[in-house]
1. Any chance you could count how many residues in region 71-99 are in a helix (DSSP H, G or I), out of contact with any helix residue (DSSP H, G or I) (no Cβ under 9 Å at 6 or more places or on another chain) and touching a residue at least 40 places away in the same chain (Cβ under 8 Å)?
2. What pairs can you find where one residue is in region 53-69 and under 12 Å from Thr85 (Cα atoms), the other is assigned to a loop (DSSP other than H, G, I, E, B), and their Cβ atoms are less than 8 Å apart, with a gap of 6+ or different chains?
3. Going by what's in this entry, would Tyr34 be described as of a type in the set (Ser, Thr, Tyr) and modelled with pLDDT of 50 or more?
4. For region 53-91, which residues satisfy the criterion of being farther than 20 Å from Asp41 by Cα, exposed (fewer than 14 other Cβ atoms within 10 Å of the Cβ) and charged (D, E, K, R)?
5. For region 92-104, name all the residues that are surrounded by 14 or more Cβ atoms within 10 Å (Cβ to Cβ) and either more than 14 Å from Asp41 (Cα to Cα) or of a type in the set (A, V, I, L, M, F, W, C) (or both).
Amino acid sequence: MGSASHLQSSGVGVAATGTRGKGVDASRRADAAYIELDEGDEAFWQAVRRLPPRQAQVVALYYLEDYSVREIAEVLDCSEGTVKTHLSRARDAVARQLQLEDEQ
């Protein structure tokens, strides 16, 4: 699993505030040594970088960090419903972006 600093260096910022004492397992915040991306993954992450910041954070925590909706809500200090909304909107936006790139 990557860390917030890894996500920021990849262009997806994640606010780490609010994680202390909220029950998020410390091992979830451990740095990953290396994450290999193929060309399809790179297009996905480029699309994620174009999302509004909160949507990008939710996507990064869900897909890259493997956080649950509940854990993301704790980290970002919002409701689980808000996380689900951001995730749904982000998925729709990324799908549209990737379809447009495929058509070109």
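The values are calculated or read from the model by the stated rules, or taken from the named source; none is laboratory data. What you see is a predicted model; the values in this text were computed from it and never measured. Cβ atoms come from the backbone with ideal geometry, glycine included; neighbour counts cover every protein chain shown.
1. So the count comes out to 1.
2. So the pair list comes out as Val59/Val12; Val59/Leu51.
3. No: the conditions fail for Tyr34.
4. Arg70, Asp77
5. Answer for region 92-104, where residues must be surrounded by 14 or more Cβ atoms within 10 Å (Cβ to Cβ) and either more than 14 Å from Asp41 (Cα to Cα) or of a type in the set (A, V, I, L, M, F, W, C) (or both): Ala93, Val94, Leu98.
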